[in-house]
1. In the stretch 120-139, is there at least one residue being out of contact with any helix residue (DSSP H, G or I) (no Cβ under 9 Å at 6 or more places or on another chain), under 18 Å from Glu173 (Cβ atoms) and touching a residue at least 40 places away in the same chain (Cβ under 8 Å)?
2. Residues that are of a type in the set (Ser, Thr, Tyr) and at pLDDT below 85: does the stretch 201-212 have at least one?
3. Just checking, which of Thr30, Thr89 is at pLDDT 90 or above and β-branched (Val, Ile, Thr)?
4. Could you list, in sequence order, the residues of the stretch 234-251 that are closer than 13 Å to Leu214 by Cα and not in a loop (DSSP other than H, G, I, E, B)?
5. Would you pick out the residues in the stretch 234-256 that are among the basic types (Lys, Arg) and in contact with a Lys or Arg (Cβ under 6 Å, 6 or more places away or on another chain)?
6. Report the residue count in the stretch 100-129 for those that are polar (S, T, N, Q), under 17 Å from Ala158 (Cα atoms) and modelled with pLDDT of 95 or more.
7. Could you tell me how many of the residues in the stretch 215-233 are at pLDDT below 85, part of a strand (DSSP E or B) and surrounded by 16 or more Cβ atoms within 10 Å (Cβ to Cβ)?
8. Which of the residues spanning the stretch 188-208 are without any contact (Cβ under 8 Å) to a residue 40 or more places away in the chain and hydroxyl-bearing (Ser, Thr, Tyr)?
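The values are calculated or read from the model by the stated rules, or taken from the named source; none is laboratory data. This one's a predicted model, so the numbers in the text were calculated from it and none came from an experiment. With ideal geometry, Cβ positions are generated from the backbone for all residues, glycine too; neighbour counts draw on all protein chains shown.
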Amino acid sequence: MKKYASLFFTAALTAVVVILAGFGGDGLKTSTGAPPAYTNSPGDGQNCSHCAGMGGSATAVTGWITSDVPATGYVPGNTYTITATAPGTGKKGFEISPQDIVGNLIGTLAAGTGNKLVGTNKYVTHSSAVTTNPAVWNFHWTAPLAYVGDVIFYGSFAVTKTATKTTTMTISESTLGVSDISGFEWSCYPNPAHDKMFVKFVSKHAGIVNIDILSLSGNPIRNLITADFPAGERRFEVMLNQPAGLYLLRMTGENGTQVRKIIVE
């Protein structure tokens, strides 16, 4: 009987040690980075208080995410430095993602020192929890290849296992330096659209026109039309066949390239 009691005590003690090691003592349970989709964005709906059973409650804060985007706003295709700052004592971690209202990534993220990308590069999070006060992480964000309006960065911070902070940063688009391509003008409607929309354009010169649908990060999804058009006014229908969200519609002709933001419902 003593032998079995001893074995039971040893097993119980081992289990306690494993549990404590998982929580990292007074540190974070997710000390090597948060799992994807815990930024408190409308698309994610979760924050670090839900993260791997951390517990506690979330409190909204301001100023914990900043950037070097100028006051005039972001320029398409430019890369900027985003800074996450978490004051307070104890171990700290974070997760941030720039998203639209349905959870699509806007632009492109690149990790910096002390952080990493998760969730197919949709999120940036700490790679190891830190105790400095304040804790500061820098990473990079490349704006999409066309203006998509204001961009919101959603962030969730953990300061010890039981204190979660949520915050946002909004970056405005810039109207400076937008090229005016006078060779053609075009419009697409209805916008928002469902499975299809109409494209209307007036070109001063004949030539090949390409219309492509892109992600907000500027990655091509597929070509909608490629045709050799004469000069003048044209109107035609394109089939979108995309899940609901925000996209870019790019039109390239003999006179240059223009991009429009579209919404698929």
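1. No, the conditions are met nowhere in the stretch 120-139.
2. So the first thing to find is which residues in the stretch 201-212 are of a type in the set (Ser, Thr, Tyr), and the list is 203.
Still in the running and at pLDDT below 85: 203.
Yes: the stretch 201-212 contains one or more residues that are of a type in the set (Ser, Thr, Tyr) and at pLDDT below 85.
3. Exactly one residue qualifies, and that residue is Thr89.
4. Selection gives Gly245, Leu246, Tyr247, Leu248, Leu249, Arg250, Met251.
5. Arg235
6. Here the count works out to 3.
7. Count: 1.
8. Scanning the stretch 188-208 gives a single hit, Tyr189.
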